[in-house]
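The values are calculated or read from the model by the stated rules, or taken from the named source; none is laboratory data. None of the values given here were measured: they were computed from a predicted structure. Cβ placement follows ideal geometry from the backbone for every residue including glycine, while neighbour counts extend to all protein chains displayed. Surface accessibility is based on the protein's heavy atoms, side chains included, excluding ligands, DNA and RNA. Shrake-Rupley method; radii C 1.70, N 1.55, O 1.52, S 1.80 Å.
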Amino acid sequence: MNIYVRSMIAGFTATVILSLLMMMKAAMGVMPQLNPIAMLSGMAQGTLGMGGVGVGWLMHFLIGTVLWGILFAVFYDRLPGSGAVTKGMSFGVLAWLLMMILVMPMAGAGFFGMGLGMMAPVMTLILHLVWGAVLGFVFSRLPTETALPA
C-alpha cells in the first residue's frame, strides 16, 4: 500500500477517535467553549460564505485525513521518535502548535486559545497527543508497499 494512502487511512482513523473524544467531552459538559467544529464552521462562514455544523465536520475530517495524513507521510522520516507511535505523537504536537498559533487566533480565541481559558491549550494538547498516537499506531499496522512478483 502506498505510504500516502496508509497515512490518510491512519489520519482518518485518528480523526474518528479524536471526534469521539470531542463528543464525549461535550456530553460531559467539559469546556463547552472549546468547540473546534463550531470554530471551523465560523471560519468557513467568514471566508467562504458558508458554514454550519456539516461544513465544520467536513473541514475537520479533511484536515485530519488529507492535510495531516499527507504531511505525516512527507515528514515521517524526519520526525523525532523511535517508532511510529512516538513519531505520530511528535507530529500531533506539531499539529497542536500550528493550531495554537494559526487556527485559534483566526477563530477569535487568541494565541494558544487563551481567550477560551487556561485549560484550552492543555485540553487540546492531550487530544492531539491521543490523535498522534492513534495516527502512528494505525500507520504502523497497515501493509507497506510491496513489489509485484515478476
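Brief remarks on what is shown
- Filtered by the rule that a residue be more than 13 Å from S7 (Cα to Cα) and in contact (Cβ under 8 Å) with a residue 40 or more places away in the chain, region 57-80 gives H60, F61.
- Among the candidates G54, G115, G83, G110, residue that is over 18 Å from the mean Cα position of the chain (by Cα), open to solvent by less than 60 Å² (accessible area, probe 1.4 Å) and either without any contact (Cβ under 8 Å) to a residue 40 or more places away in the chain or more than 21 Å from T13 (Cβ to Cβ) (or both): G110
- None of G88, G92 is more than 19 Å from G113 (Cα to Cα), modelled with pLDDT of 95 or more, open to solvent by less than 50 Å² (accessible area, probe 1.4 Å) and part of a helix (DSSP H, G or I) except G88.
- Test result for L67, in a helix (DSSP H, G or I) and either open to solvent by 30 Å² or more (accessible area, probe 1.4 Å) or of a type in the set (G, A, S) (or both): yes
- When M43, M22, M31 are checked against the criterion of being of a type in the set (A, V, I, L, M, F, W, C), touching a residue at least 24 places away in the same chain (Cβ under 8 Å), surrounded by 14 or more Cβ atoms within 10 Å (Cβ to Cβ) and outside any helix (DSSP H, G or I), M31 stands alone in meeting it.
- Test: residue in region 7-18 that is farther than 21 Å from Y76 by Cβ, of a type in the set (S, T, Y) and surrounded by 17 or more Cβ atoms within 10 Å (Cβ to Cβ): no
- Which numbered condition P80 fails, given (1) part of a loop (DSSP other than H, G, I, E, B); (2) touching a helix residue (DSSP H, G or I) at 6+ places or on another chain (Cβ under 9 Å); (3) at pLDDT below 95: (3)
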